[in-house]
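Encoded as structure tokens, the structure appears first; notes follow it.
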Amino acid sequence: MTLTIREATPADEAAWRGLWAQYVAFYKAEVPEAVTATTWSRILDPLVPVFARLAEVDGTLAGFAVGVVHTRTWSIEPILYLEDLFVDAGFRGRDVGHALVEDLLALCRARGWGQLYWHTEGDNERARRLYDRFAPADGYVRYRLDPRR
């Protein structure tokens, strides 16, 4: 198995959209087409702090990580929020997710970003087994408000 982690290119859109649709379905969510299109556009725009890293196994897109770089109030260095991580079911158990997180850590080191962080659902046991290999959960509780309501 040859695993490669790389930046997204315009030619990856169809394959990424296929994985994105699986990711959204996994969370039993609905994401409007306009949001998906905007997300892809942001990933490709070098002026937007959103980017994607793609995992290829033997030339087939197997997974992705989408991150957002931002500043914070507790450090000078920017930090990286891993917003989305997904590996196609056919490639799970082959360390693709682990390689994506390792790749993001390497980017943080190379670019001087002070932290990599993410969250996941508490009952997402498979993802948590992967994440626990890197660090224990920190115990924070998340609150979300929708200002449109």
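Read-outs: derived from the displayed coordinates by stated rules, not from any lab. The structure presented is a predicted model; accordingly, all values stated were derived computationally and were not measured. We place every Cβ from the backbone using ideal geometry, glycine too, and count neighbours over all the protein chains shown.
Tabulated values for the structure
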{"read-out": "Selected from Ala99, Ala52, Ala34 as most flexible by GNM, with the chain as the system and alpha-carbon contacts under 10 Å", "value": "Ala34"}
{"read-out": "Derived scalar couplings ³J(HN,Hα) [the range 104-121; Karplus, 6.51 cos²θ - 1.76 cosθ + 1.60; whole Hz; x for Gly, Pro]", "value": "5, 4, 4, 4, 4, 5, 5, 9, x, 7, x, 6, 10, 9, 6, 9, 8, 5"}
{"read-out": "Of Asp84, Asp12, Asp103, the one that fluctuates the most in a GNM where the chain has Cα springs shorter than 10 Å", "value": "Asp12"}
{"read-out": "Whole-Hz ³J(HN,Hα) from phi, Karplus 6.51 cos²θ - 1.76 cosθ + 1.60, for the range 17-29, glycine and proline x", "value": "4, x, 5, 4, 4, 5, 4, 4, 5, 4, 8, 6, 10"}
{"read-out": "Dipole magnitude of the range 3-132, debye to nearest 20 (Cβ charges: Lys/Arg +1, Asp/Glu -1, about Cα centre)", "value": "240 debye"}
{"read-out": "Karplus (6.51, -1.76, 1.60) ³J(HN,Hα), θ = phi - 60°, over the range 130-143, in Hz, Gly and Pro reported as x", "value": "5, 4, 5, 5, 9, 6, x, 4, 8, x, 5, 10, 9, 10"}
{"read-out": "Within a Gaussian network of the chain (alpha carbon springs, distance under 10 Å), most fluctuating of Val96, Val87, Val69", "value": "Val69"}
{"read-out": "Value of D in µm² per second that Stokes-Einstein yields for the range 7-127, Kirkwood Rh from Cα pairs, at 10 °C (1.306 mPa s)", "value": "105 µm²/s"}
{"read-out": "Calculated [θ] (222 nm, deg cm²/dmol) that DSSP helices of n ≥ 4 give over the chain, each run adding -39,500 (n - 2.57)", "value": "-10500 deg cm²/dmol"}
{"read-out": "Residue among Gly112, Leu54, Thr71 farthest towards the positive dipole end of the chain, charges placed on Cβ", "value": "Thr71"}
{"read-out": "Whole-angstrom gap from the range 112-144 to the range 41-108, using each part's C-alpha centre", "value": "14 Å"}
{"read-out": "GluC sites (Glu not before Pro) within the range 1-36: DSSP coil, no more than 16 neighbouring Cβ in 10 Å", "value": "Glu30"}
